[in-house]
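The structure under discussion appears below in the form of structure tokens.
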Amino acid sequence: MSNLAVITGTSGALGTAIAKRFKQSGYTVCGLDIRDKENTDIDLFIEVDLSRFVIDEQTKSEVIAQIRNWAGGNTIRTIINNAAYQYVSQSHPIDVNEMLKSYNVNVVAPYLLIASLADQITKSIGCVVNVGSIHSRLTKPGFLAYSTTKAALSALTRGLAIDYEDRFRINCIEPAAISTPMLVDGFKSNPEKLDELESYHPQKRISTPDEIAEMIYQLNSSKIRFLHGSCIDMSGGISSRLYDPI
């Protein structure tokens with residue numbers, strides 16, 4: 001069997017692009033998401049609510065067993081934790097259930113997936129990539145739950161790199177805005193605001209799913225094995241820009 005990749009959140013635009021990039025390079029892909037989406041780049045699709053994956057032991061055991069059975073006696077070359085839950089609210093106190101769901105999907109599920117499959121990840125050249133966010137360091141009103149959990153995902157990346165040492169590599173990317181159909185649709189009634197968002201970035205544009213997918217694929221390369229425990233800014237320069245009144 002070819003190299004194996006396990007990717008979460010494969011029904012969204014970014015997950016679709018990631019699966020496509022790995023499939024084009026000869027990988028066999030297992031995709032996980034809360035809803036199915038017909039995708040010829042996915043060899044095995046597992047429909048799972050990652051919040052339930054965290055809180056229900058039977059669900060977790062069944063998902064891990066499905067992945068192991070799919071892999072057979074082969075090792076897993078890469079795990080990409082791309083799925084995320086974004087809850088937005090400026091009303092406090094925030095619903096504790098929303099806080100817990102955010103933490104479960106964005107932090108605990110990636111941890112459990114890594115820890116449960118660590119013994120099956122290819123020794124030395126195996127790679128884990130966590131998809132974080134610029135919100136781990138820079139955020140905006142209403143994004144408390146999301147930004148807190150993305151910061152925790154970055155900390156998880158650094159901590160696991162220390163604990164697993166040379167067993168496999170683990171890194172995190174922290175992109176800014178990505179031009180997905182969901183984001184563009186949100187500006188449908190006010191398209192000039194999308195232009196404004198793009199203008200805020202030094203490149204005068206926001207990233208595409210394909211760019212992020214390419215970055216993830218390159219991080220997977222065994223030629224850069226010393227890159228370990230890193231949280232990589234992929235913000236198009238906006239994370240260096242200070243907006244003050246003129």
Can you tell me which of SER116, SER89 is small (Gly, Ala, Ser), surrounded by fewer than 19 Cβ atoms within 10 Å (Cβ to Cβ) and in a helix (DSSP H, G or I)?
SER116
Please determine, by comparing only the residues of the range 182-206 that are within 19 Å of GLY132 (Cα to Cα) and at pLDDT below 85, which one is most open to solvent (accessible area, probe 1.4 Å).
MET182
Report, ordered by the first and then the second residue, all pairs with beta carbons closer than 7 Å, sequence separation of six or more or different chains, a first member in the range 131-145 that is within 19 Å of ASP95 (Cα to Cα), and a second member that is among the polar types (S, T, N, Q) and outside any helix (DSSP H, G or I).
PRO141/GLN90; GLY142/SER89; GLY142/GLN90
Could you list all residues from the range 193-246 that are of a type in the set (S, T, N, Q) and in a loop (DSSP other than H, G, I, E, B)?
GLN203, THR208, ASN220, SER221, SER230, SER235
Mind listing just one residue for me: the one in the range 1-33 that is among the hydroxyl-bearing types (Ser, Thr, Tyr) and in a strand (DSSP E or B) and, of those, least open to solvent (accessible area, probe 1.4 Å)?
THR8
Are any residues in the range 155-196 within 17 Å of the chain's Cα centre (by Cα), of a type in the set (Ser, Thr, Tyr) and over 22 Å from SER222 (Cα atoms), and if so, which ones?
SER179, THR180
Can we say SER102 is crowded, with 19+ Cβ neighbours inside 10 Å, out of contact with any Pro (no Cβ under 8 Å at 6 or more places or on another chain) and of a type in the set (S, T, N, Q)?
yes
Options LYS150, LYS193: the member that is in contact with a Gly (Cβ under 7 Å, 6 or more places away or on another chain) and basic (Lys, Arg):
LYS150
Which residue pairs have Cβ atoms under 6 Å apart, sit 6 or more places apart or on different chains, and have a first residue in the range 211-228 that is under 15 Å from ARG77 (Cα atoms) and a second that is open to solvent by 30 Å² or more (accessible area, probe 1.4 Å) and not small (Gly, Ala, Ser)?
TYR217/ARG21; SER222/ILE125
Which ones in the range 131-172 are open to solvent by less than 20 Å² (accessible area, probe 1.4 Å), in a helix (DSSP H, G or I) and farther than 20 Å from TYR85 by Cβ?
LEU160, ALA161
What do you reckon, is ALA84 open to solvent by less than 70 Å² (accessible area, probe 1.4 Å), free of Cβ contacts under 8 Å to residues at least 40 places away in the same chain and among the aliphatic types (A, V, I, L, M)?
no
Within the range 182-212, the count of residues that are hydrophobic (A, V, I, L, M, F, W, C) and under 23 Å from TYR243 (Cα atoms) comes to 5
When (1) open to solvent by 80 Å² or more (accessible area, probe 1.4 Å); (2) in contact with a helix residue (DSSP H, G or I) (Cβ under 8 Å, 6 or more places away or on another chain); (3) more than 17 Å from PRO110 (Cα to Cα) are applied to ASP36, the one that fails is (2)
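The values are calculated or read from the model by the stated rules, or taken from the named source; none is laboratory data. What you are looking at is a predicted structure, and each value in this text was computed from that prediction instead of being measured. Note that each Cβ is placed from the backbone with ideal geometry, even for glycine, and that neighbours are counted across all protein chains shown. Remember, those area values only see protein heavy atoms, side chains included, never the ligands or the DNA or RNA. Shrake-Rupley method; radii C 1.70, N 1.55, O 1.52, S 1.80 Å.
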